[in-house]
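Everything below concerns the one structure shown next.
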Ligand SMILES: Cc1cc2nc3c(=O)[nH]c(=O)nc-3n(C[C@H](O)[C@H](O)[C@H](O)COP(=O)(O)OP(=O)(O)OC[C@H]3O[C@@H](n4cnc5c(N)ncnc54)[C@H](O)[C@@H]3O)c2cc1C
């Protein structure tokens with residue numbers, strides 16, 4: 001099915017007075033941005049709700065400075081920040097509308113019907129929006145686990161993602177955590193001229209290569225220890241470890257995992273799969289009709305290109321459902337019929353051989 005014609009939304013649409021949106025997308029990460037571009041390029045009014053203050057999702061918030069080298073089309077790599085910025089700009093130019101600092105709370109069914117489609121009410125922390133289709137693209141890993149001792153300092157020098165600090169030269173950085181993200185953060189700081197101490201509560205679980213690189217670059221890795229006390233004076237954090245050592249540092253990067261965003265979608269009455277993620281059918285539709293889920297929120301393969309591809313597919317399915325209600329049901333019946341025919345043919349072939 002060729003489906004690449006781009007139809008722009010009319011420039012004069014007054015988005016503030018729309019009675020309903022065609023599509024509301026939750027999350028402005030790779031999946032949500034790709035989905036939004038796709039629906040807007042099919043002239044559907046599209047609103048993206050994003051909990052954070054800007055777009056991009058994980059590439060922007062977790063690894064803005066990392067060179068991403070596995071995204072097709074960027075042979076020299078592209079940073080998380082640049083990729084996010086480019087995709088966001090493309091969405092804005094396609095007239096996608098954004099609401100930042102706004103978090104999804106609920107999706108309610110309504111009695112209102114438009115062209116055979118029951119409208120849904122998307123309730124957020126700031127308001128509510130009627131729409132025909134919802135695409136959930138809220139990822140899984142949004143909330144970094146906090147470190148209670150460092151948190152109590154209430155300081156900008158405590159970071160929960162690799163900070164976009166232009167120059168660590170000459171400063172000491174404590175990295176808390178022993179997984180891949182923590183070790184990557186340590187390498188990044190070392191390569192920028194920092195002295196780095198990695199504090200690991202038990203043992204490291206990150207890649208052995210990265211561990212070796214940290215040692216080669218002069219980083220110190222302290223295992224079986226944790227920060228039990230910390231004070232802040234004149235921009236310097238003094239961290240006391242459980243083995244009695246005190247380390248003074250200018251930055252503390254905490255990478256001790258993420259709290260699942262599961263609670264966000266558990267309250268939506270959606271069926272979950274065995275892993276506790278949102279269950280979807282082959283068309284990215286959840287157990288609630290008209291609500292799709294794409295990207296990390298359900299996916300096994302957690303990659304930007306996969307999030308893009310899923311966002312685009314769900315957006316096209318939503319488009320077909322809007323322009324031709326029950327399109328998906330017909331497609332399901334048709335695809336089931338094809339599967340049945342294929343099964344019958346293979347059974348007949350087996351019988352013939354016997
Ligand atoms: C350290 C690290 C390095 C990585 N490196 C690579 C790489 O090199 N190449 C690659 O292809 N992939 C990489 N990935 C994976 C990739 O970043 C993810 O697969 C991708 O970001 C998933 O996109 P998404 O849109 O599904 O989710 P996300 O990027 O998580 O975006 C979801 C968005 O939804 C928002 N949101 C969440 N809940 C709500 C709510 N209730 N209301 C409103 N908004 C909400 C979030 O704030 C977020 O902006 C990496 C991941 C990590 C953690």
Would you mind telling me which residue in 30, 325, 282 has the biggest mean-square fluctuation in a Gaussian network model of the chain, where springs connect alpha carbons within a distance under 10 angstrom? 282
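Determine how many Å³ per residue the convex hull of the Cα atoms of segment 122-232 encloses.
Numbers: hull volume 17.2 nm³, N = 111.
Convex hull of Cα atoms, per residue: 155 Å³.
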Describe numerically, in nm with one decimal, the distance between label points set 7 Å from Cα along Cα→Cβ at residue 201 and at residue 93. 4.6 nm
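Using helices alone, I'd like the mean residue ellipticity at 222 nm for the chain: each DSSP H run of four-plus residues gives -39500 (n - 2.57), total over residue count, nearest 500.
Rounded to the nearest 500, it is -9000 deg cm²/dmol.
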Can you give the log10 of the normalised intensity I(q)/I(0) at q = 0.13 Å⁻¹, computed with Debye over equal Cα scatterers of segment 264-354? -0.57
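Using Cα pairs under 8 angstrom and six or more residues apart, how large is the relative contact order of segment 144-258, in percent? Mind showing how you got there, number by number?
Values: 247 pairs, mean separation 40.0, N = 115.
Relative contact order, segment 144-258: 35 percent.
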Suppose R0 equals 22 Å. What FRET efficiency, 1/(1 + (r/R0)^6) with r the Cβ-Cβ distance, do residue 14 and residue 103 give to the nearest 0.05? 0.30
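Which percent, nearest 5, of DSSP beta bridges in the chain are antiparallel? Don't skip to the end; give the middle numbers.
Working: 27 of 57 bridges.
Here the antiparallel bridges make up roughly 45 percent for the chain.
Take the Cβ-Cβ distance between residue 67 and residue 143 as r, set R0 to 30 Å, and report the resulting FRET efficiency rounded to the nearest 0.05. Intermediate values should be presented prior to the final figure.
Numbers: r = 26 Å, r/R0 = 0.85.
In this case the efficiency is close to 0.70.
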Going by Cα centres, segment 87-120 and segment 325-354 are how many Å apart? 36 Å
Springs between alpha-carbon atoms under 10 Å, Gaussian network over the chain: tell me which of 67, 105, 207 tops the mean-square fluctuations. 207
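How do 153, 270 line up, fewest other C-beta atoms within 10 Å first?
Numbers: 153 16, 270 20.
Taking fewest neighbouring Cβ atoms as first place, the list is 153, 270.
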Enter the Cα centre distance for the pair segment 21-40 and segment 231-295, rounded to the nearest angstrom. 22 Å
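Could you work out the relative contact order of the chain? I mean the mean sequence separation of Cα pairs under 8 Å and 6+ apart, divided by the number of residues, in percent.
Working: 705 pairs, mean separation 63.3, N = 354.
RCO, the chain: 18 percent.
Rounded if a/c is under 1.5, else prolate if a/b is larger than b/c, else oblate: which is segment 254-308, with a ≥ b ≥ c the root eigenvalues of its Cα gyration tensor? Could the numbers behind the result be given before it?
Working: a/c = 2.29, a/b = 1.32, b/c = 1.74.
In terms of gyration-tensor shape, oblate.
Between residue 326 and residue 208, take the C-beta separation as r, use R0 = 45 Å, and let me know the FRET efficiency to the nearest 0.05.
Working: r = 54 Å, r/R0 = 1.20.
Efficiency, rounded to the nearest 0.05: 0.25.
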Only Cα pairs within less than 10 Å get springs; with that Gaussian network setup on the chain, which residue of 212, 336, 273 has the largest fluctuation? 336
Take peptides 227-235, 196-204, 127-135, 346-354 and line them up by average Cβ neighbours within 10 Å, highest first, as a rough protection proxy. 127-135, 196-204, 227-235, 346-354
Do me a favour and compute the ellipsoid semi-axes for the chain from its Cα gyration tensor, root of five times each eigenvalue, largest one first, whole Å. 44, 25, 19
How much of the DSSP beta bridge set in segment 144-258 is antiparallel, as a percent to the nearest 5? 45 percent
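Using the alpha carbon gyration tensor of segment 1-132, what are the three equivalent-ellipsoid semi-axes (square root of 5 times each eigenvalue), largest first, in whole Å? Display every interim value, and only then the final one.
On the way: eigenvalues 159, 67, 30 Å².
Calculated on Cα positions only, the semi-axes equal 28, 18, 12 Å.
The numbers here are math on the coordinates, done by the rules we state, and not lab data. From a predicted model like this one, the values you see are computed outputs, not experimental measurements. Positions of Cβ are generated from backbone atoms using ideal geometry, with glycine treated the same way; all protein chains shown enter the neighbour counts.
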